[in-house]
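Chemist: Mind having a look at this structure? Questions to follow.
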């Protein structure tokens, strides 16, 4: 009888140790997951840059860019990303901007990145301008500029606003613009004027704004492929760090 009771005690101790070890393992996994959430910036950056994982190409009519199914799936979870106490104001602002502009990034109408200057929103000119022209397509750009204006009016992006026009390295012949500098400058001014016309309770301070045209001198991709040249034909809106 005493022997049976001793075996029962040993078995119960073994069961308790097994349960305890399982609990410790689960706690370890839980804290590993918490630590993995610490680097939010890396996850956010991967989601933003995943817009470039798909091939970009002009569809029929040359007015829109191909969307990325992989980014569409990732983009749907961007607002669900975990927050971090160590996250800087710029990182929180970039998260917010990416969430607001996410549908247009998925559609390959725009590109959103973060660099040393601040938030860079690239408008691909094949979507918003006819080839060799500087008159913006108001229907195509209207909703996008309304959302960009919301970001401009927010406290997070209270710094200067740069609007920069860029082209590829293909010579522009048969247009009213003498070279790529003139065309890129005209497009940048057209976008800036369109931004000014967006209804807002906060008027834009002209002292915050500067407009430049760089022609083909600042490419973001190689000009050796049609896709690379399409990325280089852009107007960048830079919301500088405060």
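Values quoted throughout were computed directly from the atomic coordinates according to the rules given, and no laboratory measurement underlies them. Just so we're clear, the structure is a prediction, and the values are computed from it rather than from any experiment.
Chemist: Can you tell me the length gained on complete extension of the stretch residue 221 to residue 115, counting 0.36 nm per residue apart and subtracting the Cα distance?
Modeler: Full extension of this stretch gives 36.6 nm more.
Chemist: Something else: Work out, step by step, the length gained on full extension between residue 173 and residue 92: first 0.36 nm times the residue separation, then minus their alpha carbon distance; give nm to one decimal.
Modeler: Roughly 24.7 nm would be gained on extension.
Chemist: Where the centre of each part is set by its Cα atoms, how far does region 101-164 sit from region 167-189, in angstrom?
Modeler: Region 101-164 and region 167-189 have Cα centres separated by 19 Å.
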